[in-house]
Amino acid sequence: MVFTQKDIISIRDFSKKDIEEILKLAEKMEPIARSMETCRVLEGKLLGNLFYEPSTRTRLSFEAAMQRLGGGVIGFAEAGVSSVTKGENLTDTVRIVAEYTDALVIRHKMEGTARFVADEVDVPVINAGDGAGQHPTQTLLDLYTMQRILGKIDGLHVALVGDLKYGRTVHSLAYALAMFEVKMSFISPVELRMPREVLHDLSNSGIYVNETEDIHEVLNYADVLYVTRIQKERFPDPAEYAKIKGAYLINSQLLQGSETIVMHPLPRVDEISHDVDNTPYGKYFQQAFYGVPVRMAILKKLLK
Ligand code: NCD
C-alpha cells in the first residue's frame, strides 16, 4: 500500500503507483457496484457534496459509491438552494459542511477552488472539477475504462478530440497518460488547442504528441478516441462559440474499418452521433458506469 493522498485535487499529485492502486481496488468494488455483493465498510461516514456547477454523473456516482459502501451523503446540487444566495462566502460554507461530514466533494467554475478549500478544512477534499483546471476522479475512471476494455494502458495510442483548451477532463487525462508508455494525438480546431503549458510539461516528460485538425488520419492508428464537448459555458464571447460549435461529428460511417474505441466523459451535445451508441466502438455508457467502482475505491482509500 503506497497511497498517501489526503485530498484528490490534481492528478499531477499522484504517482503511477497511486493510480494503479486505485484501479486495482476499483476492480474489487465492481461486484458491489453491480449489487452482486454488499459491503458496509463506510457505515457511519458522511460525504458532503458541494456542486456549484451542474453535474449528473459525477454527483450521482459519488452518491451511489458512498451508499453502496454503507455511508451517507448530504449536500446540494446547485448553489441556488444554499445560503450562497444570501451572500454567504465559499469559505464559511465549506467550513460548516466540513464540520458535518467526513469528506467533501466540490465542483466550482473557478480554477483552484478545490485546492483553496483543502487548505481551509481538515477533512479530505475531492476536486470534482474546477473550471477549466482539473477533474482527477474522471481521469481515474477514464484510465480504468481503458484498462478494463483494452486490458492495458501502456502501449496505447490515445487521441483526445474536441475542446482541448477549456476541457478539464482532457487536461487531467493528458497528465495522467504521460505517466504511462503511451502515444497521444490532440485533435481540435486551432482555437481550441491544448494549452501550450500542458504541451510543454508533456514534452518535459518525454511524451510524443501529434497535434492535428484532421481526425481521419488518426483513426488509422488510435486505440482510443476520447471525444469531448465544446465547453460553451467557458467561452468569454458567445459569438466565438457559435463559430466553432459542431466542429467535429463522430458517426459510425467515419469509424468504419477503424479499430478504435470511442470514449466521452459525457454529457455529449452533438459531437457523437447516436448511431455509434450500440456499435462495438461506443464505450461511453460503460465508461460512465465505471465511475461508481472507481469512486468507491477513492472513497475507501480516503475514509478508511
Ligand atoms: C465533464 C466535466 O464536468 O468536466 N463532465 C463529467 O464530469 N463527466 C465534461 C463536460 O462537462 O463536458
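The values are calculated or read from the model by the stated rules, or taken from the named source; none is laboratory data. This one's a predicted model, so the numbers in the text were calculated from it and none came from an experiment. In this analysis, Cβ positions are derived from the backbone assuming ideal geometry, glycine residues included, and neighbour counts consider all displayed protein chains.
Things worth noting here:
- Annotation note: Cβ proximity below 8 Å between a residue of region 157-176 that is in the same structural domain as Val190 (by TED's automatic domain parsing) and closer than 15 Å to Leu266 by Cβ and a residue that is within 13 Å of the ligand (Cβ to nearest atom) and among the basic types (Lys, Arg) (sequence gap 6+ or interchain) occurs for Gly162/Arg229; Asp163/Arg229; Gly167/Arg229.
- Yes/no for Phe180 being touching a strand residue (DSSP E or B) at 6+ places or on another chain (Cβ under 6 Å) and either surrounded by fewer than 13 Cβ atoms within 10 Å (Cβ to Cβ) or assigned by TED's automatic domain parsing to the domain that holds Gly246 (or both): no
- For first residues located in region 106-129 and acidic (Asp, Glu), partners that are within 15 Å of the ligand (Cβ to nearest atom) and lie 6+ apart or on another chain with Cβ distances below 6 Å form the pairs Glu111/Asp130; Glu111/Gly131; Glu111/Gly133.
- Lone unmet requirement of (1) touching a Lys or Arg at 6+ places or on another chain (Cβ under 9 Å); (2) touching a residue at least 60 places away in the same chain (Cβ under 8 Å) for Val269: (2)
- Verdict on Pro265 being under 30 Å from Lys24 (Cβ atoms), out of contact with any strand residue (DSSP E or B) (no Cβ under 7 Å at 6 or more places or on another chain), surrounded by fewer than 19 Cβ atoms within 10 Å (Cβ to Cβ) and not assigned by TED's automatic domain parsing to the domain that holds Lys45: no
- Test: residue in region 84-95 that is of a type outside the set (Lys, Arg) and either within 26 Å of Leu266 (Cα to Cα) or within 16 Å of the ligand (Cβ to nearest atom) (or both): no
- Any hit, region 32-46, residues being assigned to a helix (DSSP H, G or I), among the small types (Gly, Ala, Ser) and either crowded, with 17+ Cβ neighbours inside 10 Å or in the same structural domain as Val94 (by TED's automatic domain parsing) (or both): yes
- Enumeration of residues in region 269-285 that are away from the ligand (no atom under 14 Å from the Cβ) and part of a helix (DSSP H, G or I): His274, Asp275, Val276
- Near pairs, Cβ below 9 angstrom, 6+ apart or cross-chain, from region 68-90 (on the phi < 0 side of the Ramachandran plot) to any residue that is part of a helix (DSSP H, G or I) and among the polar types (S, T, N, Q): Val73/Gln67; Ala79/Thr85; Ala79/Thr93; Ser82/Thr93; Ser83/Thr93; Val84/Thr93; Leu90/Thr113
- In region 214-259, residue surrounded by the most Cβ atoms within 10 Å (Cβ to Cβ) [restricted to those that are within 22 Å of Gln147 (Cβ to Cβ) and hydroxyl-bearing (Ser, Thr, Tyr)]: Tyr226
- All conditions in (1) over 23 Å from Leu156 (Cα atoms); (2) in contact with a helix residue (DSSP H, G or I) (Cβ under 6 Å, 6 or more places away or on another chain) hold for Lys245, with the sole exception of (2).
- Residue in region 48-64 that is surrounded by the most Cβ atoms within 10 Å (Cβ to Cβ), counting only those that are within 14 Å of the chain's Cα centre (by Cα) and among the small types (Gly, Ala, Ser): Ser61
- Sole exception among (1) surrounded by fewer than 24 Cβ atoms within 10 Å (Cβ to Cβ); (2) within 14 Å of the ligand (Cβ to nearest atom) for Gly112, by number: (2)
- Flag if Ala128 is within 16 Å of the ligand (Cβ to nearest atom), aliphatic (A, V, I, L, M) and in the same structural domain as Tyr52 (by TED's automatic domain parsing): yes
- Within region 183-194, the set of residues being within 16 Å of the ligand (Cβ to nearest atom) and either within 18 Å of the chain's Cα centre (by Cα) or outside the structural domain of Ala247 (by TED's automatic domain parsing) (or both) comprises Met194 only.
- Some residue of region 144-155 being aromatic (Phe, Trp, Tyr), in a loop (DSSP other than H, G, I, E, B) and either within 16 Å of the ligand (Cβ to nearest atom) or surrounded by 20 or more Cβ atoms within 10 Å (Cβ to Cβ) (or both): no
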